[in-house]
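The next block holds one structure in the form of structure tokens; read it before the comments.
The values are calculated or read from the model by the stated rules, or taken from the named source; none is laboratory data. Because the structure is a prediction, the values reported are computed rather than measured. Cβ atoms come from the backbone with ideal geometry, glycine included; neighbour counts cover every protein chain shown. Protein only, heavy atoms only, side chains kept; ligands, DNA and RNA dropped before computing areas. Shrake-Rupley method; radii C 1.70, N 1.55, O 1.52, S 1.80 Å.
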Amino acid sequence: MNVRSQPSAALTGAALITAQQEKPLLRFVACGSVDHGKSTLIGCLLYDSKQLFDDQIDALAVDSRKFGTQGEKLDFSLLLDGLAAEREQNITIDVAYRFFATAQRKFIVIDAPGHEEYTANMATGASVADLGLVLVAADGGLTRQLKRHLVILSLLGIRSVVLAVNKMDRVGWSAETYRTIEAEFREFATALGIDAIVCIPIAANSGDNVVGRSQSMPWYNGPTLLEYLEQAEPTRGSRPGPFRMSIQWVNRPSPDFRGYSGLITSGKVQVGMPVKIYPSGRSSRVARIVTFDGDLVDAAAGRSVTLTLADPVDASRGDLVAGIEQAPEIADEILTRVFWMSDAPLRPGQNYLLKLATSTATASVEPNLSVIDLDTRQLAEAASMARNEIGTCTFKLDRPIAVDRYADCKDTGSFILIDPETFDTVGMGCVERTCAPRPRWWRWSWPASWRLKRKNPDAAKPTRRSETHFRSLAKAMSWRATGSLDTFVVTFVITGSTKLAGSVAVTEIMTKVLIYYCHERIWAWVPWGKARPTHSPGLQQSLGH
Amino acid sequence: MDAHSRFIDGLEDSPTVATARESIARSSTHLEQLEAESIHIIREAVAESDNPVLLYSIGKDSSVLLHLALKAFYPAPPPFPLLHIDTTWKFREMIAFRNVRTCELGLRLIAHTNRDGLARGINPITSGSKLHTDVMKTQALRQALDQHRFDIALGGARRDEEKSRAKERVFSFRSARHLWDPKRQRPEPWRIYNGRKRRGESIRVFPLSNWTELDIWRYIDQEQIPLVSLYFAAPRPVVVRDGELIVVDDDRLPLAPGELPVIKSVRFRTLGCYPLTGAIESNARTVAEIIQETLASRYSERRGRVIDGDGAASMERKKQEGYF
Ligand SMILES: Nc1nc2c(ncn2[C@@H]2O[C@H](COP(=O)(O)OP(=O)(O)OP(=O)(O)O)[C@@H](O)[C@H]2O)c(=O)[nH]1
Ligand SMILES: [Mg+2]
């Protein structure tokens, strides 16, 4: 009864199977405004490329009659919108992941919701995509929500998109309308650093230029959507990168075996290779690369392994094993790009749990918050970051951790923010740089549009770091003096005795806050002691660009 | 002897040929990626859990999941027990296979049956598939998780199985009452999983989320994973119920007066309670033949599941109530 499968000789003989296994996988995310036709397009893609089973097609026909918006015809969006609430309202609420393969290639399609309410779900889906499939309805044009999606793609480092101008039937298959949208889109996306753009005019509910070529748009002679996707080579993550493995689990089955298990997220490791454990910085050498299928001599990014080290170094979950070249940064303060997803806004002074790779630290929000304006694509200083806003934020961590810039190593440069009370995931972010002065920062660069715009270059708003030590010292002393004076006056006014010192102390805390505020405002008028904007790159640089 | 002819000679040596063939089978980077991703998920789940458990349903997906769990913690054994929700209506072969397999691997097995449901006489034949599934599977699972205080449960569900599954997170959060809220799922970007939960809340983790049915079969072939023989075609006694081929596994299935089961060569694409699981006619006796048939099939895997058909969006509703 315990049937072991037969050896795979028959299998290797099947040319079809071998061919299928060699296809490079493409993950793409469909995004754009609500109702512009994303789910319909993906459904059409699955249907026209014959990816559906007969029972699924039968069910689709039944569903189309019941919930569909297409009369007697099939409503392809119902193939994707699988939740009851989605079918009732004819909108997508959460991302759907679908897998399909053509003779050329394997695909993972991620159908994202367009509605602003569910932007967090769109970001979830987009974070694993190599390419963005952006839909714009020809009769709808570029909306705010579409712009938000593009900014999120840019935040995630997705630089290749295909623009599908949908519902061409609604505009009489007009080449002119298509070209206007294309031009506007290119202008907006290019400024965000999305530089590989391909545009295709389509109609998703009739399948024009989706799999088959459209008869109605003879003026378009580029590839159909599927033709394009089959050969697309997204520009992303092809660099080999330095060795990185975050420790997930310490494997100790017996006193004489201590292995560190993790997924290699970047680079390559070999037996005998010198490595360092971060954040402690201790050095060792890889003794063995252990797997269930036997020891390996080397292993590259994308493999889950267990390493043993030559020296008995102390390492635990959350630590990073890295090669000695291109070391990660060890920092307790990081400047990041953030997408905020919670109803309660992100505010300076608040604390969150920041989970980066396998390490979790408590992070407090520093005051230099800025939020991107979707229409102008400019960052502007802000007091808080509301739900669905995108911007930059500095986090101070309760202990140093090892990080990389997101642009260098995605997995050790991205994080989620967890509410410490509800444990909900409230934000996601990418490390832009650490906040300790290091020369390699000069490589730092945002797409021009991500830079903080300043009206008058000579009147840079002073940031925390623009104050000299003397100035801070002077402020501290003046504060001490006024504070003590305040204590004295308050004590004297209330009782003149020391008996009620306790109540005075409490009162003092409250009055101090108010007085300090007035004090700060007065200081803000004093130009003396302020540093000139330095030429050190970073946020300051973008301030002064 | 030049390098080329040495190479040719080497090939005729049988061990080398075997190695060469093996490496062809192993050259599938797609399966390697899926495997590495699943192992990563399993380790994250266990590392973030106080009391993890693996839901073992004896089917092919569970078998792959168990295999991946062995790999994830090798050379240590997986640091969690297996939980099987036994409705008492599983195929006899499944139970026998389960006992042999867990014994072989030296793993702790918790088999849980809803005693209360059993006492009430709930069964798939007279109670109907809906009530049976609710009481003997969903409620039973909730009982077992509560009783043992498991906070993270690993399961073998895949996104390609069904439309509402395609929407589910890898770390799927459940309230203290085991409810799933599909409209308020936690965002889950990249491969950073949020395993935090308050007391009483739990998380179902699906390491096979991104696998397809075909990936599962190819991996079973590549890794030679043992499976219960019901997946392979054999002559079995069947009757037709609601258009489905039901294998008569024991004498609890009532037959119409004069009805005789017919012997047909059938196999299963998915396994559950025997009166609720339709077989397909097939001659595929090996994994390779199953892969060929799967490639050519015009029907999806879940078609044979009687329970999915209990009204539109039935899977979603069952999941909201705490079904796996
Ligand atoms: N005329 C016309 N209508 C279309 C076309 N493509 C989609 N539609 C219709 O547009 C409506 C919205 O389609 P969906 O696919 O649900 O839109 P969506 O972008 O997935 O919406 P969300 O997921 O909710 O953001 C449906 O009624 C479709 O039938 C098209 O090419 N032409
Ligand atoms: Mg949609």
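At a Cα cut-off below 24 Å, give the lysines reachable from residue A:50, other chains included and same-chain residues fewer than 8 away excluded.
Reachable lysines: A:23, A:38, A:66, A:73, A:106, A:167, B:163, B:167.
I need the phi-derived Karplus couplings for the range A:114-126: 6.51 cos²θ - 1.76 cosθ + 1.60, θ = phi - 60°, integer Hz, Gly and Pro marked x.
x, 4, 4, 3, 10, 4, 4, 5, 4, 5, 4, x, 5
Picking from B:245, B:295, B:154, which is most flexible by a Gaussian network model of chain B using Cα springs under 10 Å?
Evaluated over chain B, the most mobile residue of the options is B:295.
Let me spell out the model: positive unit charges on the Cβ of Lys and Arg, negative unit charges on the Cβ of Asp and Glu, origin at the Cα centre of the range A:122-206. What dipole size does that give, in debye rounded to 20?
Dipole of the range A:122-206, to the nearest 20 debye: 200 debye.
Where the only charges are on Cβ atoms (+1 Lys, Arg; -1 Asp, Glu), what is the dipole of the range A:315-382 about its Cα centre, to the nearest 20 debye?
The dipole of the range A:315-382 has a size of about 240 debye.
Are there residues in the range B:51-100 whose accessible area shrinks by at least 30 Å² when all protein chains are included rather than the chain by itself, and which are they (probe 1.4 Å, ligands and nucleic acids not counted)?
Residues losing area: B:71, B:73, B:74, B:75, B:76, B:97.
Solvent-accessible area per residue for chain B at a 1.4 Å probe radius, Å²?
So chain B comes to 39 Å² accessible per residue, rounded to a whole number.
Please report the buried accessible area for the interface of A with B, total over both chains, probe 1.4 Å, in Å² to the nearest 100.
7300 Å²
Which of the three applies to the range A:176-297, rounded, prolate or oblate, going by the alpha-carbon gyration tensor with a ≥ b ≥ c and a/c under 1.5 meaning rounded?
It comes out prolate by the Cα gyration axes.
Please turn the phi angles of the range A:80-85 into ³J(HN,Hα) values with the Karplus equation 6.51 cos²θ - 1.76 cosθ + 1.60 (θ = phi - 60°), one per residue in order, whole Hz, x for glycine and proline.
Using θ = phi - 60°, the values come out as 9, 6, x, 8, 4, 5 Hz.
Residue A:499: which lysines have alpha carbons under 26 Å from its alpha carbon, excluding same-chain residues fewer than 8 sequence positions away?
A:512
Mind computing the radius of gyration and Dmax over the alpha-carbon atoms of the range B:92-242? Å is fine for both.
18.0, 51
Which of rounded, prolate, oblate describes chain B, given a ≥ b ≥ c as roots of the alpha-carbon gyration tensor eigenvalues and a/c under 1.5 marking rounded, otherwise prolate only if a/b is larger than b/c?
Oblate, since a/c reaches 1.5 and b/c is not below a/b.
Per-residue Cβ counts within 10 Å, from other chains only, averaged over B:276-283: what number is that?
0
Return the aspartates and glutamates within reach of residue A:475: Cα separation strictly under 17 angstrom, same-chain partners fewer than 8 residues apart disregarded; answer none if there are no such residues.
Cross-link targets: A:467, A:486, A:520.
Rounded to a whole number, what is D in µm²/s for the range A:390-440 from Stokes-Einstein with the Kirkwood radius over alpha-carbon pairs (25 °C, 0.890 mPa s)?
199 µm²/s
Just going by the charge dipole of the range A:237-373, with Lys and Arg at +1 and Asp and Glu at -1 on Cβ, which of A:299, A:354, A:247 is farthest out on the positive end?
Highest projection toward the positive end goes to A:299.
With charges set only on the Cβ (+1 for Lys and Arg, -1 for Asp and Glu), what does the dipole of chain B come to about its Cα centre, in debye to the nearest 20?
1420 debye
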